[in-house]
Amino acid sequence: MPDVTIAESLERARQRLTRALASAGRDDEDACLLAVSKTQPVANVRQAFAAGQRAFGENYLQEALDKQASLDDLEGIVWHFIGPLQSNKTRAVAEHFQWVHTIDRARIATRLDAQRPMALGPLNVCLQVNVSGEASKSGVTPEALPALADAVVALPRLRLRGLMTLPAPSDDPAAQRRPFAELRALLEMLRQRHPQAPLDTLSMGMSGDLEAAVLEDATLVRLGTAIFGQRAPRA
């Protein structure tokens, strides 16, 4: 990111989120940034942490584990796993992350629950919903969501916090809002179905649709390039 530091980019992203919240009639504390640090070097994460960022999202497990080992001196850092989750990854994710955003099958949830160390406390999880119905996207269908939520709520080592989606991209603000509005409605349905669950999270919105997501009550907005600049290619 030539001539712009990560701290400066992070501050711009925060200001953009603050403006979006104000436009939506929401308080500053109603949503926060999740810094998507996949493929970013350790030094960039350190710079963002030094600028006050605490929540970081990683997609690639081995890269994330290496990064965590290099950054284990950073007290208060919170790691979110936001990539596709297969069975062979669940143990490491259960042991090394505080959040998982991409649960879309009961089998994966059951494995995370069984493999979560007791000493770490329950793992915060979001269910990924494919609201756009794209064949190329992961996620449970809206119709199958209630049954998956029922299964996850019953698992003692998981804490169901909310929903996540990656809708089809659009440049039309109204079209951007529709899938986010659907996810918001689905979360409200789950709140009525499971009033005892701490369902407080809508993980949705990225650089191109942050404002639309905030208008539909996003609480975690995932930004990568806007904070760190263009990603380096994976080795």
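The values are calculated or read from the model by the stated rules, or taken from the named source; none is laboratory data. Bear in mind the structure is a predicted one, so any value in this text is a computation, not a measurement. Positions of Cβ are generated from backbone atoms using ideal geometry, with glycine treated the same way; all protein chains shown enter the neighbour counts. The accessibility values were calculated without ligands, DNA or RNA, using every heavy atom of the protein model including side chains. Shrake-Rupley method; radii C 1.70, N 1.55, O 1.52, S 1.80 Å.
A few notes on this one:
- The chain: calculated mean residue ellipticity at 222 nm from DSSP helix runs of at least 4, using -39500 (n - 2.57): -12000 deg cm²/dmol
- Rounded Å value of the spacing that divides the Cα centres of segment 112-174 and segment 54-81: 20 Å
- Fraction of accessible area attributable to carbon and sulfur, the chain (%, probe 1.4 Å): 51 percent
- Its Cα centre serving as origin, the chain has a Cβ charge dipole (Lys and Arg +1, Asp and Glu -1) of approximately 580 debye.
- Here residue 175 and residue 42 are evaluated by their C-beta separation; at R0 = 45 Å the FRET efficiency comes out at 0.75.
- Alpha-carbon Rg/Rh ratio, for segment 145-235, with Rh computed the Kirkwood way: 1.05
- Converting phi to 3J(HN,Hα) with the Karplus coefficients 6.51, -1.76 and 1.60 and the offset θ = phi - 60°, segment 209-214 yields 9, 4, 4, 5, 5, 5 Hz in sequence order, with x at every glycine or proline.
- Computed about the Cα centre, the dipole magnitude for segment 33-140 is approximately 280 debye when only Lys and Arg (+1) and Asp and Glu (-1) carry charge, each at its Cβ.
- Rolling a 1.4 Å probe over the heavy atoms of the protein chains gives segment 9-127 an accessible area of 44 Å² per residue.
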